[in-house]
Each structure stands twice: as C-alpha cells, then as structure tokens.
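Asks: One structure, as structure tokens, below. Some questions next.
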Amino acid sequence: MIDPFTGDEVLPEDAKSAPHDRAENGPLDESEANAVRPYVDLGAIKLVPREGLQLRLEIEEGTKRVVAVNIDYAGSTLQVQPFAAPRTSGLWNEIRAQIVEQLRSQGAETQERVGVFGPEIVARIPVTGGDPGATRIARFVGVDGPRWFLRGVVAGQGAVDAEAARAIDDVFRSIVVVRGTTPMPPRDLIPLHVPQGAQAATPSAPGA
C-alpha cells in the first residue's frame, strides 16, 4: 500500500521486519546456521564465542527460569530475548509501538529511526535514584525470523558511539535462534537455559 500524501510504501502492522540479508548474515534460524561451527548453547539461542565477550543470565525469581541473556562486549551491553512468532507475519512493528508508549510513560524521550536491522528505537531514559535529571541512552532493535522474533536492547557505548554500535550489532547478527518444533503462542518466550560457566543475574531491563 502507498501513502497518498508521501508516496512511501506503508507496510501492514503485522509485516515482518528484518534486514534483507538476514538469512545469509543473521540473526540466523537454526536451519540456516553452519552446523559444525562452535557455539555457546543457551537453548533458544546460540552465540558464536569471541574474545572479550561475557554472558550474564537473568533469572526470574519465582520460576527460576532464564528470561533474558545479557551480553557484555567492547564497552556495550546487549540484552537479548527470543519469542515465538507466527509463521507468516511479524511482531516487531506492533511491539515497537508498545515499547515507545511504555518508555514515554516512564518519562523517557524516544526517537524512531532506521538502523542496520530496520526500524529501531533510541531512548533517553531517566535514571531511577540517580542525580536529578540524570539519563541513560538505550537502543531497542528487533528482527522477525521464521516463527520467531528476536529483540535486543543495547546500552553503554553501543548506544551512543557508531564504532561501538557496529561491534555490538555484529554480536546480534551472529545469534542463531533455535525455535524448536513445540507449538507456542506468539510472544511467548522461547525457553532459554544456563550454559556451563555462565553467571546468572537478576536486573530488570528497560522496556522489558
């Protein structure tokens, strides 16, 4: 559909949002990944190990399940969550609008722009309990894949510095999503698990 006022193509809200080269350069579906490549196995996602990369897993206190993966790399932090999604439609366009609404209700300033993964949100978020007027910057990215949706939240240098952003975006690109064959409702978190040697943490993420 074409916007009659701007001439731009208007995609339906449930259209998939992903880089045009996603199937070649990631984030990859398990069926697209190199089966013999070494990965850190976290259940729903696999990561390519690299020097200087550290993992922290968020554990839900009541259920003791892993609800997010935090990746520290090159001065940036990337929080990742994989969700079940419909086969033919996407979630990011709808979820993005909900994240913006939630952030603004918390007093954050938000800007939507197009990044390497497609539409993303840059937010200036008030720091709770910090100095008056103190804020932090976070980038919210999302990719719709085959029957899954991968969300990332970037903080630290990767949210404010272009070179650092390229480094942490490359980590996001390297993720392999393992959807599995179990039927799941859209938006349900695909089960994650603790890999050997990982450290669990429990901080909450912005916009989670």
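The values are calculated or read from the model by the stated rules, or taken from the named source; none is laboratory data. All of these numbers come straight from a predicted model, not from anything done at the bench. Glycine gets a Cβ as well: all are built from the backbone with ideal geometry, and neighbour counts include every protein chain shown. When the accessible area is computed, the model is the full protein with side chains, heavy atoms only, and any ligands, DNA or RNA have been set aside. Shrake-Rupley method; radii C 1.70, N 1.55, O 1.52, S 1.80 Å.
Asks: I'd like the residue in region 42-92 that is part of a strand (DSSP E or B) and among the acidic types (Asp, Glu) and, out of all such residues, is least open to solvent (accessible area, probe 1.4 Å).
Replies: Applying the filter and picking the extreme gives GLU58.
Asks: Going by what's in this entry, would ARG151 be described as surrounded by fewer than 19 Cβ atoms within 10 Å (Cβ to Cβ) and in a strand (DSSP E or B)?
Replies: no
Asks: Can you tell me which residues in region 129-159 are on the phi > 0 side of the Ramachandran plot and not basic (Lys, Arg)?
Replies: Answer for region 129-159, where residues must be on the phi > 0 side of the Ramachandran plot and not basic (Lys, Arg): GLY129, GLY133, GLY156.
Asks: When region 1-36 is examined, which residues are found to be more than 21 Å from PRO186 (Cβ to Cβ), open to solvent by 80 Å² or more (accessible area, probe 1.4 Å) and modelled with pLDDT under 60?
Replies: Within region 1-36, MET1, ILE2, PRO4, PHE5, THR6, ASP8, GLU9 qualify.
Asks: Does at least one position in region 122-145 carry a residue that is under 25 Å from ARG65 (Cβ atoms), modelled with pLDDT of 95 or more, of a type in the set (A, V, I, L, M, F, W, C) and more than 14 Å from the chain's Cα centre (by Cα)?
Replies: There is no residue in region 122-145 that is under 25 Å from ARG65 (Cβ atoms), modelled with pLDDT of 95 or more, of a type in the set (A, V, I, L, M, F, W, C) and more than 14 Å from the chain's Cα centre (by Cα).
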